[in-house]
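Each remark here refers to the structure printed beneath this line.
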Amino acid sequence: MEIFKTKSALEAFLKPLKASGKKIALVPTMGALHNGHISLIELAKTYADIIVCSIFVNPTQFTDPKDLEKYPRPIEHDLAMLNEAGCSGVFMPDIAEMYPQGADENWHIDLGKAEFLLEGEFRKGHYQGVTQIVKKLFDAVEPDVAMFGQKDFQQVLMIKNMLAYFQLPIKIITCPIIREDDGLAMSSRNIHLSPVDRENSLVLSKSLQYVTDHFNEFSLDELEEKAKRFYHGIEGVELDYFTIANGDTLEKAKSKNENSLVALVAAKVGSTRLIDNMIIK
Ligand code: AMP
């Protein structure tokens with residue numbers, strides 16, 4: 001497995017491979033890897049010959065400086081996991097490599113109304129930061145295919161909108177959510193959960209599962225109300241939103257007959273903010 005710190009070294013590695021017709025997949029991550037990330041690498045292998053994983057904790061997508069500061073960075077562990085997973089190359093630039101003019105360079109693109117809903121409401125400017133770095137990674141790698149997790153449901157939508165904005169010929173693959181045995185969606189931030197938080201964190205997957213399992217029994221409003229009740233009275237858990245939304249627009253669903261429905265949740269558990277979702281249809 002090759003490790004690259006600069007775009008030019010990465011490009012030099014990829015050029016002959018592309019010339020010989022190899023298909024390239026990009027798996028963008030912020031490191032602190034877990035089996036969710038590895039599932040993206042595994043799925044990438046079914047689409048491409050060469051898998052490039054990027055590890056970059058992107059400052060422009062963090063709205064809370066403390067969150068950025070405490071984001072875990074176990075790089076040796078990450079490299080060992082990627083090597084074992086059969087990753088071809090790792091791109092781990094420093095901040096100056098990705099933001100040579102500084103992180104406040106002018107970037108604003110139209111991502112549609114959904115940018116401002118849900119995560120966009122709680123993390124202002126988050127998706128401008130996400131699309132800014134992903135565009136830079138796409139430019140550096142020029143992959144045939146890029147893998148993203150359904151775990152960040154809204155992010156996938158925003159990346160697809162960014163792709164349409166720039167008319168980039170990259171195939172986006174959405175990978176299923178990998179969970180711990182008890183249902184908690186794997187996340188790099190789970191490491192910050194205390195034992196009590198860890199127990200409390202199960203409320204996210206349980207409330208989503210409830211809505212999925214009982215979808216045919218209640219109205220949308222009743223389902224949402226019942227899901228929100230899961231959060232009542234749990235000390236140290238603060239619900240930001242629980243919504244059943246249209247999967248294309250992320251607007252609150254008006255009818256069960258909408259083409260695509262997804263339940264999405266965000267909650268603070270202790271000092272850690274978690275998100276999760278389940279596709280209903
Ligand atoms: P992150 O390092 O958290 O930015 O995540 C990198 C990629 O891995 C994103 O596309 C995430 O959606 C995806 N991902 C994170 N957690 C999971 C999970 N539990 N299952 C599947 N994919 C995930």
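Of the residues making up the stretch 64-92, just one is open to solvent by 30 Å² or more (accessible area, probe 1.4 Å), assigned to a helix (DSSP H, G or I) and either touching an Asp or Glu at 6+ places or on another chain (Cβ under 9 Å) or among the β-branched types (Val, Ile, Thr) (or both), namely Ile75.
Taking the stretch 1-18, which residues are touching a strand residue (DSSP E or B) at 6+ places or on another chain (Cβ under 7 Å) and either in a helix (DSSP H, G or I) or open to solvent by 70 Å² or more (accessible area, probe 1.4 Å) (or both)? Of everything in the stretch 1-18, those that are touching a strand residue (DSSP E or B) at 6+ places or on another chain (Cβ under 7 Å) and either in a helix (DSSP H, G or I) or open to solvent by 70 Å² or more (accessible area, probe 1.4 Å) (or both) turn out to be Met1, Glu2, Ile3, Leu10, Phe13, Leu14, Leu17, Lys18.
Can you tell me which residue is surrounded by the fewest Cβ atoms within 10 Å (Cβ to Cβ) among those in the stretch 171-203 that are closer than 21 Å to Thr243 by Cβ and more than 12 Å from the ligand (Cβ to nearest atom)? Only one residue tops the list, namely Leu202. Assuming Thr46 fulfils every condition listed in (1) away from the ligand (no atom under 16 Å from the Cβ); (2) without any contact (Cβ under 8 Å) to a residue 40 or more places away in the chain; (3) loosely packed, with under 15 Cβ neighbours inside 10 Å apart from one, which condition is it? Failing condition for Thr46: (1).
Residue by residue through the stretch 31-43, note down the ones that are more than 8 Å from the ligand (Cβ to nearest atom) and surrounded by 21 or more Cβ atoms within 10 Å (Cβ to Cβ). Scanning the stretch 31-43 gives a single hit, Ile41.
How many of the residues making up the stretch 121-170 are among the aromatic types (Phe, Trp, Tyr) and within 15 Å of the ligand (Cβ to nearest atom)? Number satisfying all stated conditions: 4.
The values are calculated or read from the model by the stated rules, or taken from the named source; none is laboratory data. Remember, it's a predicted structure, so these values are computed and weren't measured experimentally. Virtual Cβ from ideal backbone geometry, glycine too; neighbours counted across all protein chains shown. Please note that ligands, DNA and RNA were not included when accessible areas were found on the heavy atoms of the full protein model with its side chains. Shrake-Rupley method; radii C 1.70, N 1.55, O 1.52, S 1.80 Å.
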